[in-house]
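The values are calculated or read from the model by the stated rules, or taken from the named source; none is laboratory data. It should be emphasised that the depicted structure is a prediction, and the values quoted were computed from it without experimental measurement. Here the Cβ is made from the backbone with ideal geometry for all residues, glycine too, and neighbour counts use every protein chain on show. With ligands, DNA and RNA removed, areas are computed over all heavy atoms of the protein, side chains included. Shrake-Rupley method; radii C 1.70, N 1.55, O 1.52, S 1.80 Å.
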Amino acid sequence: MLYFTLASKAYSRNLQYRGAHMVHNLASAMFGYMYACLWIGIGADHTLGEYGTQGMISYIAFTQSSLWISGFLTNGLGIPLTVRTGQIALDLMRPVHLFTHLMAREWGQIAYQFVYKSIPIYLLFSIVFSLDWPSDVSTLFYAALGLASAAYLSICMNYIIGATSMWTTESSWLHWGNHAMMNLLAGFFIPLEWLPDWLQQLAWLSPYPFLLYVPTRIYLGFEDGSLLWGTLLWCVFMTLICLAITQVLRRKVEVQGG
């Protein structure tokens, strides 16, 4: 009940700004539209592999919409701010695990962004480009499971990034570096199979392909749910790291101002 309350409060807090967020969706959709137009231009002279021009438009539409689920999360889950204000000391004293506390709150944020950002953006793309939706229920199920797992994996990664603020006065570079790696290694700008071989291998050694590329491939019908085993392994591994790093935080609380 506590975690549900934390999530619902985060969801309700964002509802106060849903009008402004809807306007912001137009800007996000415009970026996606420009990416789609680039691939339409390239597709005029190239086959674009197994995707085809329409397939690449669907690819861009899905990844652009999915960014609000697995990409645009709270910077460090808010830990850097609590370190600067000294709130982190009180958070660690609460009778609830810091990781699960912040995770529950972030799930509320993700749920809001899914309803008021991802869905409207994808619906707009569907109307503008006449996109086809998967007809197989299992495809939708595995794609949804992949997105939910990607959201959890991203929560873990942001928690680890936020925890570094205990040892440095500025962790924003890790946050933006994570976004840069996601744009490249998660297959946002370009499908991973079109990258150089060495970069493909590097990508698959990281969790980034499971944030966008894997759910997108499943949604488009190019993969089945077998790739989600990789997502599961990374989720377990990241969870263990988050639990371990919380123990370190409890032993090293440095209040940087406040």
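List of remarks:
- Taking helices (runs of 4 or more DSSP H) as the structural unit, those lying wholly within the stretch 1-88 and holding at least 3 residues that are among the β-branched types (V, I, T) and either free of Cβ contacts under 8 Å to residues at least 40 places away in the same chain or closer than 28 Å to L192 by Cα (or both) correspond to 18-43, 52-70.
- Screening L195, L240, L185, L249 for residues that are open to solvent by less than 40 Å² (accessible area, probe 1.4 Å), farther than 20 Å from F114 by Cβ and without any contact (Cβ under 8 Å) to a residue 24 or more places away in the chain leaves exactly one candidate, L195.
- Test result for D91, acidic (D, E) and under 21 Å from S171 (Cβ atoms): yes
- Checklist (1) at pLDDT below 85; (2) buried (at least 17 other Cβ atoms within 10 Å of the Cβ); (3) under 18 Å from I121 (Cβ atoms) applied to A20, failing item: (2)
- Meets criteria (closer than 28 Å to I190 by Cα and either open to solvent by less than 20 Å² (accessible area, probe 1.4 Å) or in contact with a helix residue (DSSP H, G or I) (Cβ under 9 Å, 6 or more places away or on another chain) (or both)) for T53: yes
One line per residue, one yes/no per condition, for (1) under 30 Å from L90 (Cβ atoms); (2) modelled with pLDDT under 95; (3) not in a helix (DSSP H, G or I):
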| residue | (1), (2), (3) |
| --- | --- |
| L202 | no, yes, no |
| G221 | no, yes, yes |
| S226 | no, yes, no |
| G230 | no, yes, no |
| A244 | yes, yes, no |
| R250 | yes, yes, no |
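- Of residues in the stretch 70-79 being open to solvent by 10 Å² or more (accessible area, probe 1.4 Å) and of a type outside the set (S, T, N, Q), the one farthest from the chain's Cα centre (by Cα): G78
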